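Asks: To start, I am sharing the structure in question, which I have written as structure tokens.
The values are calculated or read from the model by the stated rules, or taken from the named source; none is laboratory data. Just so you know, these numbers come straight off a predicted model, no measurement behind them. Note that we place each Cβ from the backbone using ideal geometry, even for glycine, and neighbour counts take in every protein chain shown.
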Amino acid sequence: MPEDNLRPAVAAPHGAIVPASRRLLASWQRSERYGVSPESIDPVWTGEVATDSLFFECGREVLTDLHTTLADEPVSLMLTDAEGLVLNRFSSNPVLLHALDAVHLAPGFAFSEREAGTTGLGLALADRVPSLVRAAEHYNASLCTYTCAAVPVLDPLSGRLEGSVNITTWSQQSHALLLALAQSAASSTAALMLARSHGRTPRPQPQGGVFRIQGSRMEQGQETLQAMSPAWRAAEAAAESALASGHAVAALGERGSGRATLLAQALRRARPRTRVLTVDVPAPTDVPAWLGLWVPEMTKTGTAVIIENAGTLPAWAVHEVHEAIAAGATSSPAHWAVTAERLDDIPAPIAALVGTMVDLPPLRERPGDIMPIARHAAREARLRDVAFTPAAEHALTAYEWPGNADELVHATRAAASRAETIDLQHLPPGVLSRPPARLTRLEALERDEIVRSLSRPGTTVAQAAAEIGISRATIYRRMARLGITMPNAPSPRDSGAQE
């Protein structure tokens, strides 16, 4: 969230008069609720820190290089985990290091808002946006001699908050470039993490589907989702019962597993005449506009809201969402539900209002749901039934779908847009490959070429090898190395090929 254009001068908790933004005021209020002292600092000592994560490895390399270029500057570079625990610290200034030790801003100490009040790193982790806290803007008076810039680092594959890059200097030093340096270091850390993920596709930034309106009647084709697995039906029945009884529900599970769809169907059954809005949390900078679009709907009779991925809400927005839920409760009971990966991910004020939790297993543990979802997605793409060959069905149900139902829907819609009957050649190459390890980009290209050739109807392994320009024995070896399992393709032993 960008800083407010107007920063009114207010009294900080330790008495100083400072211009305060909306985010800063919210952070001060949270710090007060946490019981943080405005005068003395006493963060929690956790002992040894974990140094075996990809985030720590990449962040350490980036900060080591940056420290080399800033060796003569009075700055301290730090890496923290998602809970504010300081993992490492770089500085060549002994006076600054001694001063930081005095306030326990050192490896092994937890420095989140809960422990230290408003700081650059605490605010960056709470709101998930780059944050600069200057001098008297700190909640605690003992930190007012510093200026801190911090930027959150998200895992480029999962989107999960990994920690932050924090740069601290004396408050009298120029801070014009401090935040830019922290942003550069955080971006470099995420980029290095992606480079070491062996060619896997990064998760796109959340766009925050502002809301998707679900009608009071099931859409055409929606009945195809009734022939679902026992795990789905059990979770849906539990959600429906809770919502019918007036309880708010949290659907927990991996992203893309179908949590919001399950809640929407449960709401339709529990309250058939209710209009259901699903609101997916966007990037933190877009949250103010996003709130303005759906929060007014909460007070309308006959409207229910599903808040998706509530664990990514910036801390400052939690209060507004909580207030919206409370205001909506006056119009109708059970007017909201929420999704998250884990119960602990849901902000505490919202989690306290949840009456029932339902767990939805990932799609790889619900193979019975794969074809109902695929047929429904294909029908949505072509507005009529689409057939699947037995080989395509076998490939779809045998794949583990790491991206869950979202990945399946995307793959099936793309295939349905190219064919009336979906066969192997219409599916993504990755669906037909189960490599023993992550593939490099070159290996992925090699896999795609082999799968493209083999998936054409009637093509034998020998013909595919001849087209690619390699021997039959070589293509079998590469198929084994790349984890390519084509339905009905003979094995090397069956064909007599020599390994």
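Asks: If we scan segment 61-71, do we find a residue that is under 20 Å from W316 (Cβ atoms) and surrounded by fewer than 16 Cβ atoms within 10 Å (Cβ to Cβ)?
Replies: No - not one qualifying residue is present in segment 61-71.
Asks: Further question: Mind checking which residues of segment 240-253 are closer than 10 Å to G355 by Cα and within 24 Å of the chain's Cα centre (by Cα)?
Replies: Of everything in segment 240-253, those that are closer than 10 Å to G355 by Cα and within 24 Å of the chain's Cα centre (by Cα) turn out to be A248, V249, A250.
Asks: If you don't mind, there's one more thing I want to ask. Can you name the number of the only condition in (1) under 25 Å from A405 (Cα atoms); (2) part of a helix (DSSP H, G or I) that A337 fails?
Replies: Just one mismatch for A337, condition (2).
Asks: From (1) touching a Lys or Arg at 6+ places or on another chain (Cβ under 6 Å); (2) at pLDDT below 90, pick out the condition that doesn't hold for G430.
Replies: (1)
Asks: I'd like the full set of residues that are hydrophobic (A, V, I, L, M, F, W, C) and surrounded by 19 or more Cβ atoms within 10 Å (Cβ to Cβ), limited to segment 97-109.
Replies: Within segment 97-109, L100, V103, L105, F109 meet the criteria.
Asks: Looking at segment 407-418, I want the residues that are within 9 Å of A378 (Cα to Cα) and have a partner that is surrounded by fewer than 18 Cβ atoms within 10 Å (Cβ to Cβ) and not β-branched (V, I, T) with Cβ atoms under 6 Å, at least 6 apart or on another chain. Which pairs are those?
Replies: R413/A381; A416/A381; A416/R382; S417/A381
Asks: Exactly one of (1) part of a helix (DSSP H, G or I); (2) over 40 Å from the mean Cα position of the chain (by Cα); (3) at pLDDT below 80 is unmet by A497. Its number?
Replies: Unmet for A497, out of (1) part of a helix (DSSP H, G or I); (2) over 40 Å from the mean Cα position of the chain (by Cα); (3) at pLDDT below 80: (1).
Asks: Residue under question is A324, and the condition is that it be at pLDDT 90 or above, of a type in the set (G, A, S), over 26 Å from P130 (Cα atoms) and assigned by TED's automatic domain parsing to the domain that holds E240; does it hold?
Replies: Spelling it out, it is not the case that A324 is at pLDDT 90 or above, of a type in the set (G, A, S), over 26 Å from P130 (Cα atoms) and assigned by TED's automatic domain parsing to the domain that holds E240.
Asks: Can you tell me which residue is surrounded by the most Cβ atoms within 10 Å (Cβ to Cβ) among those in segment 130-159 that are within 22 Å of R342 (Cα to Cα) and of a type outside the set (S, T, Y)?
Replies: So the residue we want is V153.
Asks: Under the condition of being of a type outside the set (S, T, Y) and at pLDDT 90 or above, which residue from segment 160-176 is surrounded by the fewest Cβ atoms within 10 Å (Cβ to Cβ)?
Replies: Selected residue: W170.
Asks: Also, quick follow-up: Being under 29 Å from A239 (Cβ atoms), not charged (D, E, K, R) and not in a strand (DSSP E or B) is true for just one of H394, H410. Which residue is that?
Replies: Going through H394, H410 in turn, just one is under 29 Å from A239 (Cβ atoms), not charged (D, E, K, R) and not in a strand (DSSP E or B): H410.
Asks: Next up: Please return the ranges of helices (runs of 4 or more DSSP H) entirely within segment 206-319 where 3 or more residues are over 25 Å from A124 (Cβ atoms) and modelled with pLDDT of 85 or more.
Replies: 230-244, 259-270
Asks: Just checking, which of R259, R275 is crowded, with 21+ Cβ neighbours inside 10 Å, in the same structural domain as I307 (by TED's automatic domain parsing) and charged (D, E, K, R)?
Replies: So the residue among R259, R275 that is crowded, with 21+ Cβ neighbours inside 10 Å, in the same structural domain as I307 (by TED's automatic domain parsing) and charged (D, E, K, R) is R259.
Asks: Give the number of residues within segment 34-49 that are under 28 Å from the mean Cα position of the chain (by Cα) and either loosely packed, with under 11 Cβ neighbours inside 10 Å or closer than 15 Å to V165 by Cα (or both).
Replies: Number of matching residues: 1.
Quick grid of which residues meet (1) out of contact with any strand residue (DSSP E or B) (no Cβ under 6 Å at 6 or more places or on another chain); (2) closer than 21 Å to L408 by Cβ; (3) surrounded by fewer than 17 Cβ atoms within 10 Å (Cβ to Cβ):
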site: A329; (1), (2), (3): yes, no, no
site: H335; (1), (2), (3): no, no, no
site: D345; (1), (2), (3): yes, no, no
site: P349; (1), (2), (3): yes, no, yes
site: P362; (1), (2), (3): yes, yes, no
site: R366; (1), (2), (3): yes, yes, no
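Asks: Answer yes or no as to whether S142 is of a type in the set (G, A, S) and more than 20 Å from H67 (Cα to Cα).
Replies: yes
Asks: Would you mind finding the one in L79, L132, L87 that is without any contact (Cβ under 8 Å) to a residue 60 or more places away in the chain and within 25 Å of the chain's Cα centre (by Cα)?
Replies: L132
Asks: So P372 fits all but one of (1) assigned by TED's automatic domain parsing to the domain that holds S245; (2) closer than 25 Å to P230 by Cβ; what number is the exception?
Replies: (1)
Conditions (1) under 29 Å from the mean Cα position of the chain (by Cα); (2) modelled with pLDDT under 90, marked per residue:
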position	(1), (2)
G368	yes, no
V386	no, no
P390	no, no
V409	yes, no
T421	no, no
R438	yes, yes
D448	yes, yes
G458	no, yes
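Asks: Any idea which of R114, R89 is crowded, with 16+ Cβ neighbours inside 10 Å, among the charged types (D, E, K, R) and at pLDDT below 95?
Replies: Criteria check complete, one pass: R114.
Asks: Filter segment 3-42 down to residues that are aliphatic (A, V, I, L, M) and assigned to a strand (DSSP E or B) and give me whichever is modelled with the lowest pLDDT.
Replies: The selected residue is V18.
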